[in-house]
Amino acid sequence: MKNHIALYQPLMPANTGNISRTCAATNTPLHLIKPLGFSTDDKMLKRAGLDYWEHVEVHYHESLEDFLAFVGERPLYLITKFAPRIYCQADLAQNSAGEQFFLFGKETTGLPADLMEERKADCLRIPMNDQHVRSLNLSNTANIVIYEALRQQAFEGLDVTHHYRDTDKARDLNW
């Protein structure tokens with residue numbers, strides 16, 4: 001199963017950089033829907049993504065309409081705090097398309113209301129106490145959702161046993 005993370009008009013380079021690192025670690029393509037609130041040459045983006053940016057499959061889309069045309073009939077989940085269904089209630093392990101997309105909204109305004117209304121059945125949320133917190137950080141939210149999908153997929157294609165690279169340190173730790 002191939003998972004994709006898509007960011008709708010992201011504004012903060014550090015969030016996108018952090019998400020790119022997650023994408024590199026999980027073999028997840030990253031889709032950026034314009035306009036972006038920063039240049040992809042931004043030093044904050046590069047700093048947050050460190051040297052992982054070159055290991056991320058990045059797709060740029062000129063508009064939401066272009067992105068939706070790219071997705072076509074493949075499963076698309078909209079991640080929003082207004083969804084009736086919790087992210088872990090969705091079956092993210094298998095689908096006939098063999099891949100799925102997770103769309104995250106702009107940090108300040110989220111996803112367009114008309115899109116969420118049209119695709120109400122595809123909206124997922126992360127439970128939280130919204131009496132004190134308006135929303136979770138975008139990069140944290142993307143991590144939670146992508147790792148739930150990967151958990152349901154038995155972390156296919158990922159190293160689930162860590163091999164310590166520094167053998168001297170591993171010996172000192174009795175690993």
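Laid out as a table, the results:
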{"read-out": "In the stretch 104-125, residue nearest to M1 (Cα to Cα) [restricted to those that are open to solvent by less than 70 Å² (accessible area, probe 1.4 Å) and not in a strand (DSSP E or B)]", "value": "D122"}
{"read-out": "Test: residue in the stretch 47-55 that is at pLDDT 95 or above and either open to solvent by 40 Å² or more (accessible area, probe 1.4 Å) or within 22 Å of E148 (Cβ to Cβ) (or both)", "value": "no"}
{"read-out": "Some residue of the stretch 130-137 being in a loop (DSSP other than H, G, I, E, B), open to solvent by 30 Å² or more (accessible area, probe 1.4 Å), within 18 Å of N3 (Cβ to Cβ) and small (G, A, S)", "value": "no"}
{"read-out": "Selection status of S96, open to solvent by 70 Å² or more (accessible area, probe 1.4 Å) and either among the hydroxyl-bearing types (S, T, Y) or on the phi > 0 side of the Ramachandran plot (or both)", "value": "yes"}
{"read-out": "Residue within the stretch 64-81 that is among the small types (G, A, S), open to solvent by less than 70 Å² (accessible area, probe 1.4 Å) and in contact with a Leu (Cβ under 9 Å, 6 or more places away or on another chain) present", "value": "no"}
{"read-out": "Which listed residue, of D159, D168, is at pLDDT below 95 and in a helix (DSSP H, G or I)", "value": "D168"}
{"read-out": "Qualifying residue in the stretch 17-25 (condition: touching a residue at least 24 places away in the same chain (Cβ under 8 Å), farther than 30 Å from Q131 by Cβ, among the hydroxyl-bearing types (S, T, Y) and in contact with a Phe, Trp or Tyr (Cβ under 8 Å, 6 or more places away or on another chain))", "value": "yes"}
{"read-out": "The stretch 147-161 residues that are open to solvent by 40 Å² or more (accessible area, probe 1.4 Å), paired with ones that are not hydroxyl-bearing (S, T, Y) (beta carbon under 6 Å, 6 or more apart)", "value": "Q152/L92; Q152/A93; G157/N27"}
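The values are calculated or read from the model by the stated rules, or taken from the named source; none is laboratory data. From a predicted model like this one, the values you see are computed outputs, not experimental measurements. Cβ atoms come from the backbone with ideal geometry, glycine included; neighbour counts cover every protein chain shown. Accessible surface areas use protein heavy atoms only, side chains included; no ligands, DNA or RNA. Shrake-Rupley method; radii C 1.70, N 1.55, O 1.52, S 1.80 Å.
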